[in-house]
Amino acid sequence: MRVLVIGSGAREHALVLSLRRDPAVSALYAAPGNAGIAQHAQVRPVDPSSAEAVVALATELSADLVVIGPEVPLVLGVADAVRSAGIACFGPSAAAARIEGSKAFAKDVMAAAGVRTAHSEIVDTPAELDAALDRFGPTWVVKDDGLAAGKGVVVTADRHAARDHGAELLEQGHPVLLESFLDGPEVSLFCLVDGETVVPLLPAQDHKRVGDGDTGPNTGGMGAYTPLPWLPEETVTAIVEDVVKPVAAEMVRRGCPFSGLLYAGLAVGAAGPAVVEFNCRFGDPETQAVLALLDSPLGELLNATATGTLAEVAPPRWRNGSAVTVVIAAENYPGRPRLGDVITGASEAAQDDAAVLHAGTSLRDDGALVSSGGRVLSVVGVGADLSEARAKAYDRITSIKLPGSHYRTDIGLAAVEHRIAVPSQ
């Protein structure tokens with residue numbers, strides 16, 4: 001099987017590493033890739049959002065399977081174009097990708113499927129904003145209704161901050177989604193979905209805020225860990241049966257069946273799981289941790305999903321233990337990051353049960369590895385338990401140098417210290 005992975009981040013690096021371990025994968029390409037991915041796959045230049053360019057490249061490479069990592073190409077219909085060219089594609093159609101591309105669409109699907117989620121209202125004119133804010137609180141959740149790379153949401157007890165964010169979005173021409181605040185710890189559950197067939201992967205938890213102790217602005221994710229020692233197995237089963245399967249069935253009913261990775265972000269409160277959001281692709285940085293524990297051939301799972309045969313494949317097998325991902329970010333991220341700084345120690349750090357996955361990196365003309373994005377590297381540690389996995393990840397980070405960079409020191413720490421639990425009813 002000849003596989004082409006579309007994307008350039010640490011998520012795609014993790015996909016490439018996992019696909020490389022699949023004996024059925026005979027050729028592996030990535031486009032546009034990055035400096036780290038280039039060590040494991042042949043990289044080619046491409047505009048991921050151009051359906052014509054992706055189809056042309058996949059055809060040139062005689063790809064048997066195209067795996068689309070980022071959400072923007074999916075929302076723009078690149079997967080549709082690949083399938084129309086007769087090539088199997090892992091990733092939903094543009095119609096199904098609306099589950100992430102439009103939060104209003106996702107809310108409508110959840111309502112029809114009877115899935116618990118936050119109460120919400122859409123505001124599309126400044127005149128409506130103040131009255132709508134009065135109907136929410138004391139904690140306000142203000143979101144961009146479209147794609148915002150995980151950074152379009154403000155959760156705050158400060159009404160002025162909530163209003164400022166809503167007004168800024170409206171000024172940019174973006175509708176605003178106001179939501180009621182959901183209590184309880186958050187869970188990310190990835191599920192392979194092929195129509196009404198749903199196969200869950202390991203649950204993970206992302207750390208969205210930039211600073212230790214969940215302080216500072218939201219980011220695309222500063223780290224994650226899996227599995228979740230505080231999450232009962234029956235809760236995972238309930239999420240699959242009461243959330244993901246009904247949503248998958250509703251999308252089939254609407255004529256836009258989902259094929260690919262459906263990512264459910266949930267708050268698990270005293271009343272049970274409630275959906276915060278759906279994404280239409282592997283999440284970053286959770287993917288880096290989840291795939292580190294996958295023991296099954298990834299190519300087989302993705303190809304079965306893409307070809308409508310997921311129900312015929314054995315469920316995923318997992319390594320024992322835990323995995324932790326810590327993101328090293330450039331100076332000033334999640335604001336406008338400083339770029340072009342030399343990174344040292346990244347290759348030396350990739351050894352034993354810790355891997356260094358590249359996100360925002362490139363090679364300078366003189367061969368130096370430099371930063372080229374806000375989230376620069378993901379360092380993954382694997383251990384017998386969460387404490388050991390954390391220790392391995394943070395030990396590897398000490399050998400990596402990037403001027404002005406920053407990372408959280410508390411990824412997974414609350415779970416290790418038993419400070420996180422599902423609220424009792």
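The values are calculated or read from the model by the stated rules, or taken from the named source; none is laboratory data. This is a predicted model, so every value here is computed, not measured. Virtual Cβ from ideal backbone geometry, glycine too; neighbours counted across all protein chains shown. Heads up: the accessible areas ignore ligands, DNA and RNA and are worked out on the full protein's heavy atoms, side chains in. Shrake-Rupley method; radii C 1.70, N 1.55, O 1.52, S 1.80 Å.
Quick one: which residue in ALA24, ALA106 is under 18 Å from ALA306 (Cα atoms) and touching a residue at least 12 places away in the same chain (Cβ under 8 Å)?
Values: ALA106 fails: under 18 Å from ALA306 (Cα atoms).
The unique qualifying residue is ALA24.
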SER259 is checked against (1) out of contact with any Lys or Arg (no Cβ under 8 Å at 6 or more places or on another chain); (2) at pLDDT below 95; (3) open to solvent by less than 50 Å² (accessible area, probe 1.4 Å) and fails just one. What number does that condition carry?
-> (2)
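Kindly indicate the residue of the stretch 282-311 that is charged (D, E, K, R) and open to solvent by 30 Å² or more (accessible area, probe 1.4 Å) and also nearest to VAL247 (Cα to Cα) among those meeting that condition.
Initial filter on the stretch 282-311 (charged (D, E, K, R)): 284, 286, 295, 300.
Still in the running and open to solvent by 30 Å² or more (accessible area, probe 1.4 Å): 295, 300.
Values: ASP295: 28, GLU300: 24 Å.
Per the stated criteria, the residue is GLU300.
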Do we have any residue at all in the stretch 312-321 that's crowded, with 24+ Cβ neighbours inside 10 Å, at pLDDT 95 or above, over 23 Å from ARG209 (Cβ atoms) and touching a Leu at 6+ places or on another chain (Cβ under 7 Å)?
-> no
Output for the stretch 104-122, where each listed residue is part of a loop (DSSP other than H, G, I, E, B) and either open to solvent by less than 60 Å² (accessible area, probe 1.4 Å) or under 15 Å from PHE181 (Cα atoms) (or both) = VAL115, ARG116, ALA118, HIS119
Assess whether ARG338 counts as being within 20 Å of ALA224 (Cβ to Cβ) and surrounded by fewer than 19 Cβ atoms within 10 Å (Cβ to Cβ).
-> no
Count - residues of the stretch 78-99 that are open to solvent by less than 30 Å² (accessible area, probe 1.4 Å) and in contact with a Phe, Trp or Tyr (Cβ under 6 Å, 6 or more places away or on another chain) | 3
Which numbered condition GLU233 misses (of (1) out of contact with any strand residue (DSSP E or B) (no Cβ under 9 Å at 6 or more places or on another chain); (2) touching a residue at least 40 places away in the same chain (Cβ under 8 Å); (3) open to solvent by 30 Å² or more (accessible area, probe 1.4 Å); (4) more than 26 Å from LEU357 (Cα to Cα)) = (2)
Taking only pairs six or more apart or across chains, which ones have beta-carbon atoms under 8 Å, a first residue in the stretch 407-425 that is among the polar types (S, T, N, Q), and a second residue that is open to solvent by 50 Å² or more (accessible area, probe 1.4 Å) and assigned to a loop (DSSP other than H, G, I, E, B)?
-> THR409/ASP212; GLN425/ALA271
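Return yes or no: is GLY360 touching a Phe, Trp or Tyr at 6+ places or on another chain (Cβ under 6 Å) and under 23 Å from VAL16 (Cα atoms)?
Working: touching a Phe, Trp or Tyr at 6+ places or on another chain (Cβ under 6 Å): no; under 23 Å from VAL16 (Cα atoms): yes.
No.
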Test: HIS119 is without any contact (Cβ under 8 Å) to a residue 40 or more places away in the chain and either out of contact with any His (no Cβ under 6 Å at 6 or more places or on another chain) or on the phi > 0 side of the Ramachandran plot (or both) = no
Does ALA104 satisfy being over 16 Å from the mean Cα position of the chain (by Cα) and at pLDDT below 90?
-> yes
What is the one condition in (1) small (Gly, Ala, Ser); (2) open to solvent by 50 Å² or more (accessible area, probe 1.4 Å); (3) closer than 30 Å to GLU196 by Cα that ALA127 does not satisfy?
-> (3)
Does ASP64 satisfy the condition of being modelled with pLDDT of 95 or more and out of contact with any strand residue (DSSP E or B) (no Cβ under 6 Å at 6 or more places or on another chain)?
-> no
Does any residue of the stretch 212-229 turn out to be among the hydrophobic types (A, V, I, L, M, F, W, C), surrounded by fewer than 22 Cβ atoms within 10 Å (Cβ to Cβ) and in contact with a strand residue (DSSP E or B) (Cβ under 8 Å, 6 or more places away or on another chain)?
-> no
Identify the single condition in (1) part of a loop (DSSP other than H, G, I, E, B); (2) at pLDDT below 95 that ALA127 does not satisfy, given that it satisfies every other one.
-> (1)
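LEU413: at pLDDT 95 or above and closer than 20 Å to ASP206 by Cβ, yes or no? Write out each step before concluding.
Numbers: at pLDDT 95 or above: yes; closer than 20 Å to ASP206 by Cβ: yes.
It is true that LEU413 is at pLDDT 95 or above and closer than 20 Å to ASP206 by Cβ.
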Given (1) assigned to a strand (DSSP E or B); (2) in contact with a Pro (Cβ under 7 Å, 6 or more places away or on another chain), number of the condition VAL382 does not satisfy | (2)
Residue ID - nearest to ALA311 (Cα to Cα), chosen from residues in the stretch 154-202 that are open to solvent by 50 Å² or more (accessible area, probe 1.4 Å), among the acidic types (Asp, Glu) and at pLDDT 90 or above = GLU196
